[in-house]
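Everything below concerns the one structure shown next.
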Number of protein chains: 2
Amino acid sequence: MFESAEIGHSISKESYREQVPLLREALLDVQYDLKEKADFPVLILIHGFDGAGRGETMNLINEWLDPRLIDTVAFASANDEERARPWMWRYWQKLPAKGRIGMFFGSYYSDALFDRVYDEIDHDAFDREIFDIMRLERMISQDGALILKFWFHLTKDKQRKRLKELEKDPATRWRVTEDDKANMERYDTIRKYGEHMIRLTNTAYAPWIVVDGEDANFRSLTVGQTILKAIRNRINQHGTAVDVSEAPPLLAPIDDKVILDTLQLDQKMDKAEYKTRLAELQGRLSKLTRDERFKNHSLVLAFEGNDAAGKGGTIRRITQALDARSYRVVPVAAPTEEERVKPWLWRFWRQVPGKGGITIFDRTWYGRVLVERVEGFAQEHDWMRAYYEINDFEHQLSENGAVVLKFWLAISNEEQMARFKLREETGFKRFKITEEDWRNREKWNAYKLAVSDMVDRTSTSKVPWTLVEANNKYYARIKVLSTICAALEARLGA
Amino acid sequence: MFESAEIGHSISKESYREQVPLLREALLDVQYDLKEKADFPVLILIHGFDGAGRGETMNLINEWLDPRLIDTVAFASANDEERARPWMWRYWQKLPAKGRIGMFFGSYYSDALFDRVYDEIDHDAFDREIFDIMRLERMISQDGALILKFWFHLTKDKQRKRLKELEKDPATRWRVTEDDKANMERYDTIRKYGEHMIRLTNTAYAPWIVVDGEDANFRSLTVGQTILKAIRNRINQHGTAVDVSEAPPLLAPIDDKVILDTLQLDQKMDKAEYKTRLAELQGRLSKLTRDERFKNHSLVLAFEGNDAAGKGGTIRRITQALDARSYRVVPVAAPTEEERVKPWLWRFWRQVPGKGGITIFDRTWYGRVLVERVEGFAQEHDWMRAYYEINDFEHQLSENGAVVLKFWLAISNEEQMARFKLREETGFKRFKITEEDWRNREKWNAYKLAVSDMVDRTSTSKVPWTLVEANNKYYARIKVLSTICAALEARLGA
């Protein structure tokens, strides 16, 4: 969920100065259109880590937009009057009117999250409050509201650094409260429960937007552009019925930097080291999957990656270590006639392993948000909701004891070209390269963005994506195998 | 939830014989249209009490329709293969294909309900499973599925009688299992948790249809007509995007008998008895609302009824017993400009009393499903989802400690006419009768149906409707006051 917000985004001072006047003008325009022409309210929720710029952003929005048309509400602990009523009551009171923007600093999400973080409620009660929230958001979104939920993110180290800076300066020291310090101590817990909450409530009609909070310029422009785009899109749909499954206002990162850009694809590993480590890892994997404790678990491996990135070769190095009776490799192509008449996830549900079983998918359900998105085989609102559906599917597997691991094998554009050419020259590999492969290369950037969105929206602590630098096949195989072994050991307590 | 299924519906043999051939023909037609023209699956879930005709209905549907296009699945306890996978897995496997009808006898709802009834899971875990179910149904409905969920109902006495009959006859004795007997012992528990489950999952895109299971003719025709209407409606929307907020296929009771018809409106009470009981009840109410224990609760009274049914007079008899500082009477008219720009429930949320407080609504949020429905002020999909939203609102109040009571004051058409005329003749009451009141009379039957749907969909054990026979004002006032006193005594343990 937070991956792309941790790769270090930034916008230069010059670029920021250039963009802000245009953005402000556009925001004011859209705000007046909202007031004059539109009959829906906009609800903006501000959440995230202390020190990630939540307060600054709130002030900035009030500065950039016409504050007379914004209702900003900072929620602290409930007062007596509020505590005497249902927990959602105080938020209900403050919902914005049609034509206006309501901005909540801290909302029902804070109540649920911090009650859980400070152990005042257990996990089932936490889920019940999340369920309450989902019903509320569904209701007000069906009533027409546009809901945007921002999570301002910082890594643990950066949060520590940021709060130290604030404390050192006498002018800002007052801003670091005892609560902030207590929350800092609980960074990992907030992150864990925050992710859980975001996963369950990241719906198409009320999406979360995770923003890297480190660089103020990047953060401010991202928020401004997102609000602008979302309101403008909704106004353009004016007159059409509110479709709660409509697409969220996804914004490509404004600095064009995506998570795949951060990978060092050229890793080194020589054949000798590879052979030694391969033997060792295959031995470990073999032992782990034959372990008595594995009988209460299962293993689901999902492989995606660029064409010619080496998925097949990697999968073979895994299966060499497995008992043939325990695993199945499922190659995923376009759905068959039988599969096409069922819900789209059905063909994957069927292949879910039982306890003690292993299923390896060579291409996966992520086709929905990769090829089907990029090629336009699925409609936007269908692949948009797929993120939610995929998360739900994978977490049901995980809750049931499955270790679910997802690998993206990444090679560079040049490396792919070299491999394609080699395949064309090598007779017995020629079948592997088709017209389509060449066409896909033209969509390199569209795929890059799709992969980035996929990782942001479906990588969770329980079911993470592993991005594999795969220009060197040896390195890639070893990284995959050791990730699998480590995950199994952690789950089995081996 | 179950009120209308307990008033004794029936269809005569003659009428049944007349209707069935037409219905069967229409069902076969729509089934072939589904296969040929439509690209969505139909999922029918069969639930309810033992002995209420679930099995018979399943067989009948297979007889009336073309069984080659129906996949009927009876789910028993999970087998080993199924238990080794997520609990929803076995249902996923069996989802019907597009163009086909899948009928589940026992489904994920049975797992959740009976785990709760037999105390294998606690209430939070029950809610979590319901949450799982809602996400699944939302997903498959967004994927295009038409979902119909039948709850076959019987009162406790009638269930007991029915199972005895089956046991007495050697030909049917085998059908009464030990499980049935164990379930019969737990009738109240099944009813309580069943109602909770139905309330939370009775969505516009996957509605529950509660069917009186006593009379086989009524039951069979209701199910057949509902399936027919629902599939036909969906096919007619062919080509339009699936709107998950679309209206459920509500069917007026096929025997035209609604719950208001069962009231004996002419109750007797003379002035002397009225005076004695009024004094006694007002004393009790006064004491109860001044009780120390009431400070942890609150009281919400909602009054609806026919025009001139005596709401105002009844409310005055209540407030006479209350401390003026503790209560507020909220007369509800058309929303103001300020209210119109907020979510429709907002103006009622605002008036929610705090602990120790009392709010009396003279007309209520039910206007959404009464006048706004009948007069067409709200669109169908808006008032349809209002049932769910109202239930949610009221149950949040109830969870928070409020005693919520809803009264429908019912008078006969003739009594209303007499009161209207009297008002016209009595100078100081003339303001009370308007053109609109006369117009409303013309819609008497439309209102009757709206009231019936309202009671069916929003009366729950925690937040019940009380239907008040109000041709005699004395009787009505006493019934209301004693209902309030009894509910307060129960909640306060007084």
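The values are calculated or read from the model by the stated rules, or taken from the named source; none is laboratory data. Predicted model only: the values in this text are computed from it and were never measured. Please note: Cβ atoms are built from the backbone with ideal geometry, for glycine as well, and neighbour counts cover all protein chains shown. Accessible surface areas use protein heavy atoms only, side chains included; no ligands, DNA or RNA. Shrake-Rupley method; radii C 1.70, N 1.55, O 1.52, S 1.80 Å.
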Any hit, the stretch B:180-200, residues being among the aliphatic types (A, V, I, L, M), in the same structural domain as B:VAL42 (by TED's automatic domain parsing), open to solvent by 20 Å² or more (accessible area, probe 1.4 Å) and assigned to a helix (DSSP H, G or I): yes
A:LEU60 vs. criteria surrounded by 21 or more Cβ atoms within 10 Å (Cβ to Cβ), more than 30 Å from B:GLY357 (Cβ to Cβ) and more than 25 Å from the chain's Cα centre (by Cα): no
Residue satisfying all of: in the stretch B:282-309; of a type in the set (A, V, I, L, M, F, W, C) and more than 14 Å from chain A (Cβ to nearest Cβ); farthest from B:ALA402 (Cα to Cα) among these: B:ALA308
Selection count where residues are surrounded by fewer than 16 Cβ atoms within 10 Å (Cβ to Cβ) and closer than 30 Å to A:GLY401 by Cα, scope the stretch B:63-90: 8
The lone exception for B:ARG54 - which of (1) out of contact with any helix residue (DSSP H, G or I) (no Cβ under 9 Å at 6 or more places or on another chain); (2) over 21 Å from B:ASN183 (Cβ atoms) it fails: (2)
Meets criteria (modelled with pLDDT under 90 and farther than 26 Å from B:TYR193 by Cα) for B:ALA76: no
Tally of residues being in contact with a Ser or Thr (Cβ under 6 Å, 6 or more places away or on another chain) and open to solvent by less than 20 Å² (accessible area, probe 1.4 Å) across the stretch A:474-485: 1
Residue satisfying all of: in the stretch B:456-483; of a type in the set (A, V, I, L, M) and touching a Lys or Arg at 6+ places or on another chain (Cβ under 9 Å); nearest to B:GLU399 (Cα to Cα) among these: B:VAL463
Unmet criterion (only one of (1) open to solvent by 20 Å² or more (accessible area, probe 1.4 Å); (2) part of a helix (DSSP H, G or I); (3) of a type in the set (A, V, I, L, M, F, W, C)) for B:ILE209: (2)
Unmet requirement for B:LYS229, which otherwise passes all of (1) at pLDDT 90 or above; (2) open to solvent by 30 Å² or more (accessible area, probe 1.4 Å): (1)
Test: residue in the stretch A:144-159 that is in contact with a helix residue (DSSP H, G or I) (Cβ under 8 Å, 6 or more places away or on another chain) and free of Cβ contacts under 8 Å to residues at least 12 places away in the same chain: no
Residues of the stretch B:311-350 classified as touching a residue at least 60 places away in the same chain (Cβ under 8 Å), out of contact with any helix residue (DSSP H, G or I) (no Cβ under 6 Å at 6 or more places or on another chain) and closer than 22 Å to B:PHE294 by Cβ, total: 1
Cβ pairs under 6 Å, 6+ apart, first in the stretch A:381-395 and not assigned by TED's automatic domain parsing to the domain that holds A:THR364, second surrounded by fewer than 20 Cβ atoms within 10 Å (Cβ to Cβ) and at pLDDT 85 or above: none
Verdict on A:THR434 being free of Cβ contacts under 8 Å to residues at least 12 places away in the same chain and under 21 Å from A:GLY313 (Cα atoms): yes
Flag for A:ASN471 being open to solvent by 10 Å² or more (accessible area, probe 1.4 Å), over 28 Å from A:LYS295 (Cβ atoms), assigned by TED's automatic domain parsing to the domain that holds A:MET417 and part of a helix (DSSP H, G or I): no
In the stretch A:263-290, the residues that are among the charged types (D, E, K, R) and buried (at least 16 other Cβ atoms within 10 Å of the Cβ): A:ARG277, A:ARG284
A:ASP127 modelled with pLDDT under 90 and buried (at least 20 other Cβ atoms within 10 Å of the Cβ): yes
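Is it the case that A:ALA38 is modelled with pLDDT under 90 and under 30 Å from A:ARG160 (Cβ atoms)?
No, not satisfied.
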Subset tally (residues that are open to solvent by 10 Å² or more (accessible area, probe 1.4 Å), within 15 Å of the chain's Cα centre (by Cα) and under 11 Å from B:VAL300 (Cα atoms)) for the stretch B:355-404: 0
One residue from B:THR426, B:THR466 being free of Cβ contacts under 8 Å to residues at least 24 places away in the same chain, open to solvent by 10 Å² or more (accessible area, probe 1.4 Å) and of a type in the set (Ser, Thr, Tyr): B:THR426
Residues satisfying the stated conditions in the stretch A:25-51, i.e. open to solvent by less than 20 Å² (accessible area, probe 1.4 Å), farther than 30 Å from A:LYS181 by Cα and not β-branched (Val, Ile, Thr): A:ALA26, A:LEU27, A:GLN31, A:LEU34, A:ALA38, A:PHE40, A:PRO41
So A:PHE407, is it under 26 Å from the mean Cα position of the chain (by Cα), on the phi < 0 side of the Ramachandran plot and open to solvent by 50 Å² or more (accessible area, probe 1.4 Å): no
Filter result for the condition that a residue is in contact with a Phe, Trp or Tyr (Cβ under 9 Å, 6 or more places away or on another chain) and either charged (D, E, K, R) or on the phi > 0 side of the Ramachandran plot (or both), over B:ASP111, B:ASP39, B:ASP33: B:ASP111
Helices (runs of 4 or more DSSP H) fully within the stretch A:310-405 counting 3 or more residues that are in contact with a strand residue (DSSP E or B) (Cβ under 6 Å, 6 or more places away or on another chain), of a type outside the set (S, T, N, Q) and more than 9 Å from chain B (Cβ to nearest Cβ): none
Some residue of the stretch A:45-54 being out of contact with any Leu (no Cβ under 6 Å at 6 or more places or on another chain) and in a helix (DSSP H, G or I): yes
